[in-house]
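The values are calculated or read from the model by the stated rules, or taken from the named source; none is laboratory data. Computed from a predicted model, the values in this text were never measured in an experiment. Virtual Cβ from ideal backbone geometry, glycine too; neighbours counted across all protein chains shown.
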Amino acid sequence: MQDINSVRQILIDKIATSNSPADVLKSPELKKLYSVIGTLPANERGAYGKSINDLKVEIQSAIDSRMDEIDNAAVEPLDVTAPFDINSSLIELMDTENGTKHPLIRELENVVDIFVRMGFEAIESRQIDDDKHMFESLNFPDNHPARDGYDTFRTEENFIPPAHTSTMQNRILSAGRDRLESGGQIAAVSYGRVFRNEDVDVTHEHTFYQCEGVFVSETASLGEMLGTLRSFFEAYYGQKLKIKTQPAYFPFVEPGLEFAIERPAVLGGKPGDWLEMLGCGMIHPNVLELAGIDSKKYRGFAWGGGVERLVMLKYGIEDLRHFESGKLQFLREFK
Ligand code: DAH
């Protein structure tokens, strides 16, 4: 009984200053008290057991009131304009835990990694750009209706938060021109955030991620492009896949295609369940020429598509809005 009293004091003191008071229930002092039960003569066990139970009830109510104290302190609003030390006592009381990478960033790194292993250079896409890169250099004539398809935001100064990672193509091509002329190739992916003035719903966000690829050589072909894309998708999903393409219009490629994969059975797919994954095609001669590349001598292919779509299929996520929601419950599933 002596022991129980001294343990009681130790635990109550611990609870009074702890920010996670429930941890006390796992303390070695308490465990030791339990282990004593087995060593007592049978006629003393009942009384001893009851004292431990009483102690537990007392500890639990001390924990509860300490938790209330912590909660009340933590709901006091942080003054974000105050010097750090004014808030630090509140911050200490908050239930902090180590953060992890956002699932989209982790998957984007995965995607980029696969292309890097295939020999592509990785370049982060800009988050602010101009009309030349977003449209003109990609063979979108002025006032062409194809521009409308991109629901582009503009700043008052007429800058553009890009609506696609294709905004990097002209830079990649111009920077690679010398390499081509000395017998090399251009092989690069650009990746990053893109922005569209869209109504948000289950499959549309105003802010999302894309990954784009560009390859130029003297002999680049559509067959090579399809092989590259198939290799990428099979690496990303870790299995053989069925692919198909159909014609599509993008001003910067000719021919332009939409590339689809069949949803794999392990991911809930049935035969004929085609999912359009990205746009691609042979780079339009005008796009090569606008970057100073001789379109009679060199050819290229390019592709670009959204990252969320890849990740949603991989993990069976049904609502695109989860990614930007900041919901911890969703994010913790990817720890
Ligand atoms: N930029 C296009 C989009 O966001 C996707 C795309 C299509 C990129 C064809 C390409 C391409 O590089 O060749 O809708």
Qualifying positions in the stretch 144-201 - within 16 Å of the ligand (Cβ to nearest atom), out of contact with any helix residue (DSSP H, G or I) (no Cβ under 8 Å at 6 or more places or on another chain) and assigned to a strand (DSSP E or B)
ALA187, ARG193, PHE195
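Across the stretch 249-262, what is the number of residues that are surrounded by fewer than 21 Cβ atoms within 10 Å (Cβ to Cβ) and either within 19 Å of THR228 (Cα to Cα) or not assigned by TED's automatic domain parsing to the domain that holds PHE215 (or both)? Give the derivation first.
Filtering the stretch 249-262 for residues surrounded by fewer than 21 Cβ atoms within 10 Å (Cβ to Cβ) gives 249, 251, 254-256, 258, 260, 262.
Okay, now just the ones that are also either within 19 Å of THR228 (Cα to Cα) or not assigned by TED's automatic domain parsing to the domain that holds PHE215 (or both), so 254-256, 258, 260, 262.
Qualifying residue count for the region: 6.
What residue, among those in the stretch 291-315 that are aliphatic (A, V, I, L, M) and either surrounded by 21 or more Cβ atoms within 10 Å (Cβ to Cβ) or within 15 Å of the ligand (Cβ to nearest atom) (or both), is nearest to LEU229 (Cα to Cα)?
Looking only at the stretch 291-315, we keep the residues that are aliphatic (A, V, I, L, M), and these are 291, 293, 302, 307, 310-313.
This time we only want the ones that are either surrounded by 21 or more Cβ atoms within 10 Å (Cβ to Cβ) or within 15 Å of the ligand (Cβ to nearest atom) (or both), so: 291, 293, 302, 307, 310-311.
On the way: ALA291: 24, ILE293: 24, ALA302: 10, VAL307: 14, LEU310: 13, VAL311: 16 Å.
Selected residue: ALA302.
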What about PHE159, is it without any contact (Cβ under 8 Å) to a residue 40 or more places away in the chain, more than 22 Å from GLY256 (Cβ to Cβ) and surrounded by 12 or more Cβ atoms within 10 Å (Cβ to Cβ)?
yes
Within the stretch 202-232, track down each residue that is without any contact (Cβ under 8 Å) to a residue 60 or more places away in the chain and outside any loop (DSSP other than H, G, I, E, B).
GLY223, LEU226, GLY227, ARG230
